[in-house]
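All remarks here apply to the structure that follows.
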Amino acid sequence: MTHSSENHDQQDHAMNRRAFLRRTAAAGLGLSVMGQSRVLAASARCVAAGGVLAGGLPAVPGGHALNDLQDPIANGGLHHAPKAKRVIYLFQSGGPSQLETFDYKPLLNERNGEQLPDSVRKGQRLTGMSGNQSSLPLAGAQFAFQQHGQSGGWVSELLPHTATIIDKLCVVRSMFTEAINHDPAITFFLTGSQIAGRPSMGAWLDYGLGSINRNLPNSVVMVTKNKGGQPLYARLWGSGFLPARYQGVQFRAGKDAVLYLQDPQGVTSESRRRMLSAVGGLAKEAFKREMDQDILSRLAQDEMAYRMQSSVPEAADLSQEPEETYQLYGEDARTPGSYAANCVQARRLAERGVRFIQLFHQGWDQHGGLPNAIRTQCRETDQASAALVLDLERRGLLDDTLVIWGGEFGRTNYSQGRLTNNDYGRDHHPRCFSMWMAGAGVNAGTVYGETDPFGYNIVADPMHVHDLQATMLHQLGVDHTRLTYKHQGRRFRLTDVSGRVIPELLA
């Protein structure tokens, strides 16, 4: 059974209301039928759900108001047995070059400085930053590659720590996207659409799966402190057209991990509790009268903030970590807000039942000065990324935690700007790039997909953005075609109208 959302546009709602009143008035029914139908429908859904929120507000298992979800998730079940309980997404914002990390192309070194052949480019569009160049010289990577582990995976010398865990990873070399610029590309990965306004990954998971720990937000975001690069917007972890209670919460470095969480001076926890109880009673009456889901969302957020006042300080206190943690993650982990410290925080949140944890590390947008810049980026992220996988494994969490590493697109095999003996840059390249996944039933020690010898086109097993999203949801026990939300007359989903699970990625 499918349940429609009541979160319609106000104007459309008003028009539908007027049309309904005209029809019912003609039938001699009028306002009484409208009021009774809304109350009866809500009551039926509440009875079927069998639960209440704070203050007696209707709810379904997992805290979903008025049985928003499609069967069978709404009834407490999953579409199939899950391998993952949670996701940690290590988003490398800006687009890491696959040619300096995981996709070894010796031909580029052999033909360094030669022009990109038309037979390879095949008329594909370029950005305005390099599209007007009179020359597109091929640029070989200035870093050595070696094979590592029993799987023999190729890894750049820039990633020595990642190389040690290559047998735990599934490296995807054939990712592709339709977006060629940063904002639509990152929005595509994190919401399923290049156009802003859709719910984020974390919001979809919160909506579809509910909470593991009701005292912490289901979706948490952390951004490496003091990094320049392409801007990040709160809508990337927002709820879009889903109720606002599903939006992600940003954790920050410093005294207060979550802004505006603590009570003002003079306000006690007891007085806050009494205030929320009183607001809950008013909300109950308002909901009976208005049947507006935003009322429930606001109350749910207030209640979560109250619980987080005690749960967040404990979860964010890295001083509890033993010395061996810093030896594993590196000295940067001692610096609040660093990528390494955020990786430690991600593990702590995973232990405490947070469903979706996303780390953003900016600065991978290397149009020029790539050799020095990518060396810095890898130094800041390599050890901590590998340590996170090892730490999850030794704590028994890797088996049900899906870890994803990657950016919004790749980089061109030719140099943007002047190519010299020790310097070059790379433009955006959406046609092929690399990511990796680990844990939660991923087929470890494998490589999926293949690019041509020039590293410009996919020649085997392409994997689209929606395929990644579909596969992620599959590991969480969700059929991506059945997790939908009705908005403005259409049923939306994270994978929009495409996407397929990639069985070769899974053990």
Scanning segment 226-254 for residues that are small (G, A, S) and in a loop (DSSP other than H, G, I, E, B), the one modelled with the lowest pLDDT turns out to be G254
Residue selected from segment 194-225 under the condition at pLDDT 95 or above and surrounded by fewer than 17 Cβ atoms within 10 Å (Cβ to Cβ), by the criterion farthest from the chain's Cα centre (by Cα) = K225
Within segment 475-489, can one find any residue that is within 30 Å of L108 (Cα to Cα) and either among the hydroxyl-bearing types (S, T, Y) or not in a loop (DSSP other than H, G, I, E, B) (or both)?
-> no
Can you tell me which residues in segment 292-301 are crowded, with 17+ Cβ neighbours inside 10 Å and over 24 Å from the mean Cα position of the chain (by Cα)?
-> Q293, I295, L296, L299
Just one of (1) surrounded by 22 or more Cβ atoms within 10 Å (Cβ to Cβ); (2) touching a Ser or Thr at 6+ places or on another chain (Cβ under 6 Å); (3) not aromatic (F, W, Y) trips up L370, so point out which.
-> (2)
Residue identified as part of a loop (DSSP other than H, G, I, E, B) and not assigned by TED's automatic domain parsing to the domain that holds L190 among D302, D263 | D263
Residues of segment 477-505 being of a type in the set (A, V, I, L, M) and touching a helix residue (DSSP H, G or I) at 6+ places or on another chain (Cβ under 7 Å), in sequence order, are V478, L483, L494, V501, I502, L505
Subset tally (residues that are of a type in the set (S, T, N, Q) and assigned to a strand (DSSP E or B)) for segment 78-105 = 1
Return the total of residues in segment 404-415 being closer than 21 Å to E110 by Cβ and in a loop (DSSP other than H, G, I, E, B).
-> 3
Taking the condition part of a strand (DSSP E or B) and crowded, with 18+ Cβ neighbours inside 10 Å, does V459 pass?
-> no
Given the conditions (1) within 24 Å of I295 (Cβ to Cβ); (2) surrounded by fewer than 19 Cβ atoms within 10 Å (Cβ to Cβ), every one holds for G254 apart from (1)
Single match in S338, S311, S319 (criterion: farther than 18 Å from S97 by Cα, surrounded by fewer than 22 Cβ atoms within 10 Å (Cβ to Cβ), among the hydroxyl-bearing types (S, T, Y) and touching a residue at least 24 places away in the same chain (Cβ under 8 Å)) = S311
From the residues in segment 373-423 that are farther than 20 Å from V171 by Cβ and of a type in the set (A, V, I, L, M, F, W, C), which one is farthest from the chain's Cα centre (by Cα)?
-> L419
Residue set L138, L158, L190; condition farther than 26 Å from T381 by Cβ and at pLDDT 95 or above; output residue L138
Counting only residues that are in contact (Cβ under 8 Å) with a residue 60 or more places away in the chain and part of a strand (DSSP E or B), which one in segment 116-155 is surrounded by the most Cβ atoms within 10 Å (Cβ to Cβ)?
-> L138
Determine if segment 443-455 includes at least one residue that is surrounded by 18 or more Cβ atoms within 10 Å (Cβ to Cβ) and among the charged types (D, E, K, R).
-> no
Does any residue of segment 425-434 turn out to be in contact with a helix residue (DSSP H, G or I) (Cβ under 6 Å, 6 or more places away or on another chain), among the polar types (S, T, N, Q), crowded, with 24+ Cβ neighbours inside 10 Å and not in a helix (DSSP H, G or I)?
-> yes
Just one of E285, E324 is acidic (D, E), loosely packed, with under 15 Cβ neighbours inside 10 Å and modelled with pLDDT under 95; which is it?
-> E285
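The values are calculated or read from the model by the stated rules, or taken from the named source; none is laboratory data. Here the structure is a predicted model, which means the values were calculated and not measured. Because the Cβ atoms are built from the backbone with ideal geometry, glycine has one as well, and the counts that use them run over all protein chains shown.
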